[in-house]
Amino acid sequence: MPVKHYQTEKYKEIYGGLNEQQRIAVDNIEGPVMVIAGPGTGKTQILSARIGKILLETDTLPENILCLTYTDAGVVAMRKRLLGFIGPDAYKVNIYTFHAFCNDVIQENLSLFEKQSLDPISDLERIDMFRKLIDAFPKNHPLKRYRGDVYFEITNLQQLFSTMKREGWSSSYITQKIDEYLASLPTRDEYIAKRATGSFKKGDVRTDKIAEETEKMEKLRAAVNEFDNFQQMMQKASRYDFDDMINWVLKAFDENPALLSRYQEQFLYILVDEYQDTSGTQNRLVELLINYWEKPNVFVVGDDDQSVYRFQGANVENMLAFANSYKKRPVDGGAYQ
């Protein structure tokens, strides 16, 4: 096969600088591969070198490669590294944050999304909307406050709603889980008296603790039940946030097989950085893009000991699920194929 113009001296230099484990990850360009690597182990270098390898050793075009990462800084770093050894074609490789990718899908298919009249919500608008939501709580609402900071719950509500969107959890789903959890309390070891205390004998169900936990869960239920109200307020104000975009794209892919197929067939190689930080909806997006292929060329890099954004809905279990999705053999150095 003739040598492609991508094969520059710079690429040879970078590839030559990889250690044995990194080369294993870069060289396995066919099929699903997971690399578990800690901070400072050259994950960006591995990803960019693997893209270079794909362009060198296959007939794949740059536009048939999709690389998804978690931050804008990650996109810039990846593009800059690729520019160093494949030149202008680095601009043709699809490198996105998850939100930017979804935004492009929406912009390329506006007739399907009908979102032309919507604008992204600002931080000030979001706070104002949460204030109005709280002002509308009835007097007996579990989250209603009459003293102190009456808007104390804004931060909690904002984090809850964001997590629901990121994980794809509906109000009814969480309500069901709350009911199941409450029903299980009398059988849980932590609610059984270990010794006689007060009016409880050893082995008694601690109804006082169950009452406390039930109160907490009812507050959570009340918060969850406001999710749909808040979404209606957003829609009425013609506003959306970044988490909405991913759910719109997932819904469009589910309802329009032809739309999904177009993107599945375009992206022959998919790479995901910081995989441990992907949320449920982000992971679902990757799954939809790769499930067209019996043996998808998907490459994920993550650190199972570090999840910077876990509090924002990231789920390290995505890595475990990926590892269990394919029958594969372990590759030395933490890579799996």
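The values are calculated or read from the model by the stated rules, or taken from the named source; none is laboratory data. The structure presented is a predicted model; accordingly, all values stated were derived computationally and were not measured. Cβ placement follows ideal geometry from the backbone for every residue including glycine, while neighbour counts extend to all protein chains displayed. Keep in mind that these areas ignore ligands, DNA and RNA; they rest on the heavy atoms of the full protein, side chains included. Shrake-Rupley method; radii C 1.70, N 1.55, O 1.52, S 1.80 Å.
Observations on the model:
- Residue count for the range 148-163, restricted to those that are in contact with a helix residue (DSSP H, G or I) (Cβ under 6 Å, 6 or more places away or on another chain) and under 16 Å from residue 284 (Cα atoms): 0
- Residue 149 being modelled with pLDDT under 95 and part of a loop (DSSP other than H, G, I, E, B): yes
- Selected residue (criterion: least open to solvent (accessible area, probe 1.4 Å)) from residues of the range 55-72 that are in a helix (DSSP H, G or I) and modelled with pLDDT of 90 or more: 62
- Answer residue from the range 298-318, given it is within 29 Å of residue 265 (Cα to Cα) and crowded, with 22+ Cβ neighbours inside 10 Å and is modelled with the lowest pLDDT among those: 314
- Filtered by the rule that a residue be part of a helix (DSSP H, G or I) and open to solvent by less than 60 Å² (accessible area, probe 1.4 Å), the range 169-185 gives 171, 174, 175, 178, 181, 182, 184, 185.
- All positions within the range 1-29 that are outside any helix (DSSP H, G or I) and either over 20 Å from residue 80 (Cα atoms) or at pLDDT below 80 (or both): 1, 2, 3, 4, 5, 6, 7, 8, 19, 28, 29
- Each residue in the range 249-262 was checked for being surrounded by 19 or more Cβ atoms within 10 Å (Cβ to Cβ) and of a type outside the set (A, V, I, L, M, F, W, C), and 0 pass.
- Sole residue being open to solvent by 10 Å² or more (accessible area, probe 1.4 Å), in a helix (DSSP H, G or I) and not aliphatic (A, V, I, L, M), chosen from 84, 52: 84
- Residues in the range 186-216 that are closer than 30 Å to residue 277 by Cα and either of a type outside the set (D, E, K, R) or open to solvent by less than 50 Å² (accessible area, probe 1.4 Å) (or both): 213 only.
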